[in-house]
Amino acid sequence: QVQLVESGGGLVQAGGSLRLSCAASGRTFSNYGTGWFRQAPGKEREFVAAISRSGAGTINANSVKGRFTISRDNAKSTVYLQMNSLKPEDTAVYYCAASGASIATVGGQYDYWGQGTQVTVSS
């Protein structure tokens, strides 16, 4: 089992920045690819970014390229999502997830999920 706890969400004005953190506990964190997903009210969950087990590889959704950066610190069992130039359409609950695959972009490939953290971007 892997337990994931997100933090860092909040209310920010458009153009602002936030950094989300996801702290993992349980099994060896470096054995899991990790990712961030988000779900806005009335919409389906969507992929945001993923990072490989070592941190050497990353994938970003087109909607966040150039604005969001995923990173991880395996020594701290933590994955981060730095979000810059935030837009109102980034408003959603953001979820951290861990996958047995090295890196994955589909929700079904993830085995463990956090409880989510709310990000609200005002215009």
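The values are calculated or read from the model by the stated rules, or taken from the named source; none is laboratory data. Source: prediction; values computed, not measured. Each accessible area value is taken on the protein alone, full model and side chains, heavy atoms only, with ligands, DNA and RNA left out. Shrake-Rupley method; radii C 1.70, N 1.55, O 1.52, S 1.80 Å.
So the values come out like this:
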| item | result |
| --- | --- |
| Probe 1.4 Å, protein heavy atoms only - accessible area per residue of the chain in square angstrom | 48 Å² |
| Listed residues Arg27, Arg53 arranged by accessible area, highest first, probe 1.4 Å | Arg27, Arg53 |
| Protein accessible area in the range 1-95, 1.4 Å probe - carbon and sulfur % | 45 percent |
| Most mobile of Ser21, Ser85, Ser52 in a GNM of the chain (Cα contacts under 10 Å) | Ser85 |
